[in-house]
Each structure stands twice: as structure tokens, then as C-alpha cells.
Amino acid sequence: MRTSSILLRALFAVGAAAILAGPVLAEEPAYEGRKKCSSCHKSEYKSWVETRHAKALESLMPGAKTEEKLKAKLDPDKDYSADKDCVGCHVTGYGKEGGYDPEDPGKYLVGVGCESCHGPGSEYRLVHRKAGEAFENKQETTPREELAAAGQEFHFIERCNACHLNFEGSSWPGAAKPYTPFTPAVDPKYTFDFEKAVRDNKAMHEHYKLDGTFTGEPMPEFHKEFQSQAKAGEKGAEE
């Protein structure tokens, strides 16, 4: 009887401690950088490296984009590449686990890279690898919902809006400080249309034929359109 009483008190104490501590939250996936992505998506990488997104951090350097900075009332001779109010929209995963750190700037996180749109890849990259092996060896397909559950993003629009529509007076409900100074009022070219932008290969990257490893939802609305126009790509490590 005494043993039962002690056990009950111990269980109560453990339960109370858990309540006071609050719920145990699962860790979010971490950013890894584009090197691991490019090991399977070499053609996409080669296309991306020529885009404006790839060169985004360069635009914050002294002497870059002088006319644009003057219009936005910024000093064109100042180095904004480590400015916490600016750098987040010019690199991958700034302020997040595994993401870009100005104190230790890993080159594979410079620019608006793969994970900026597709989400941090530490978990879904493992799903990709396992599914790729299953498809190559046995022609077994994997549901895309496994990728979504592991953190892969399939719709992108809010990730794009977070930078392109984050200006004071924006109609986007998520707009908040620090605002971007590059607004449609400064220059109409900063007017952001997601449906147009996502189809701009000079801003994003070209799309290549996927081999059918993954099936089902979720899929972007433009997936079939892009695949119908895609050409065959090559696989291999980033150079």
C-alpha cells in the first residue's frame, strides 16, 4: 500500500512538472544550403546562378545599384550587406536554424536560394534521397505529402510576399517592420505580381523534367504547366 502511494505521488509530480513546463515542441527543420540540393538538381542550379535572386546580396554592396538606392533615399556608398534590416531578403534562412549568418557567411546560403522558396531542407532532403533510391531501384513512387510533412513548401507565394510586398502601406496583411524601401511608389518596377514573377526564369530558374518519383498533392497550380514545357536536365554535384 505504501509503495502504491509513493508511486502515485511520483506520477503526479511528473505530470505536474510537464504541465508547468508547457508542451514539448518539435524542432523545426534547419537550413542546409544549396550545395546538397544541387547534387541532384544540377541544371536548376546552373540556371539559378545566373538569376537576380542569386546575385541578391551583391546589390547591397557599396557602389551597387546606385540609381535604385538614390531613388529609395539610401546611401549608395554604404555597405548594407550585414545590415539586419536589409540582409534577410538577400540571403537564405537569415535568423533561422542553419541559415545565413553575417558573422560566418557560408557561400551556399548567399543569395535567395533553393530553400528560400522550398523551405528549410534538413528533413525533406532525407525523404528525397530515400524516395529517389526506391524509384531508381524498384520504380516505387512516394506521396508528396511526405515532403510537405517534412517541411517542403509547394505554394511559395507567402515566402515571396514576405520580401516583395513588405513595404509600408502594402495591401499584404503580413507587412511589418523593417519595411523594404523599394516600393512601387519609388519605382513601378517594384510592383509585385506573383503569377508573373514565378514564371520569370531570369528571376527564378529554368524548370526541368522530373522523373515521377513523387505523386499526388500538394502541387503548385503551375506544376503541370512548367512540366509540359520542361526539358531534360542533368544530375551531378555543384561545381
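The values are calculated or read from the model by the stated rules, or taken from the named source; none is laboratory data. Source: prediction; values computed, not measured. Here the Cβ positions follow ideal geometry from the backbone for every residue, glycine too, while neighbour counts run over all protein chains shown.
Any residue that is touching a residue at least 60 places away in the same chain (Cβ under 8 Å) and within 26 Å of residue 182 (Cβ to Cβ) - is there at least one of those in region 122-133?
Step one: filter region 122-133 for residues touching a residue at least 60 places away in the same chain (Cβ under 8 Å), giving 122-125, 128, 131-132.
Remaining after also requiring within 26 Å of residue 182 (Cβ to Cβ): none.
Scanning region 122-133, I find no residue that is touching a residue at least 60 places away in the same chain (Cβ under 8 Å) and within 26 Å of residue 182 (Cβ to Cβ), so the answer is no.
Just one of (1) surrounded by 14 or more Cβ atoms within 10 Å (Cβ to Cβ); (2) hydrophobic (A, V, I, L, M, F, W, C); (3) touching a helix residue (DSSP H, G or I) at 6+ places or on another chain (Cβ under 7 Å) trips up residue 210, so point out which.
Result: residue 210 fails condition (1) only.
So in region 207-239, with the set limited to residues that are assigned to a loop (DSSP other than H, G, I, E, B) and among the charged types (D, E, K, R), which one is farthest from residue 147 (Cα to Cα)?
So, considering only residues that are assigned to a loop (DSSP other than H, G, I, E, B) and among the charged types (D, E, K, R), the one farthest from residue 147 (Cα to Cα) is 239.
Among 116, 81, which is crowded, with 19+ Cβ neighbours inside 10 Å, of a type in the set (Gly, Ala, Ser) and either touching a helix residue (DSSP H, G or I) at 6+ places or on another chain (Cβ under 6 Å) or farther than 29 Å from residue 196 by Cα (or both)?
81
Which fully enclosed helices (runs of 4 or more DSSP H) of region 100-181 have 2 or more residues being closer than 22 Å to residue 52 by Cα?
114-118, 157-164
Is there any pair linking a residue in region 46-72 that is in contact (Cβ under 8 Å) with a residue 12 or more places away in the chain to one that is surrounded by 17 or more Cβ atoms within 10 Å (Cβ to Cβ) and among the acidic types (Asp, Glu), with Cβ under 7 Å and at least six apart or on different chains, and which?
Close Cβ pairs satisfying both conditions: 47/206.
State all residues of region 225-239 that are in contact with a Ser or Thr (Cβ under 6 Å, 6 or more places away or on another chain) and at pLDDT below 65; if no residue qualifies, say none.
The answer is 237, 238.
Check region 40-51 and report whether any residue there is assigned to a loop (DSSP other than H, G, I, E, B), of a type in the set (A, V, I, L, M) and either closer than 19 Å to residue 178 by Cα or at pLDDT below 95 (or both).
Within region 40-51, not a single residue is assigned to a loop (DSSP other than H, G, I, E, B), of a type in the set (A, V, I, L, M) and either closer than 19 Å to residue 178 by Cα or at pLDDT below 95 (or both).
Identify, from the list 67, 123, 115, 97, the residue that is farther than 26 Å from residue 45 by Cβ, among the acidic types (Asp, Glu) and modelled with pLDDT of 95 or more.
None of the other options fit; the residue is 67.
Has region 199-206 got any residue that is surrounded by fewer than 16 Cβ atoms within 10 Å (Cβ to Cβ), touching a helix residue (DSSP H, G or I) at 6+ places or on another chain (Cβ under 8 Å) and part of a helix (DSSP H, G or I)?
No, every residue in region 199-206 fails to be surrounded by fewer than 16 Cβ atoms within 10 Å (Cβ to Cβ), touching a helix residue (DSSP H, G or I) at 6+ places or on another chain (Cβ under 8 Å) and part of a helix (DSSP H, G or I).
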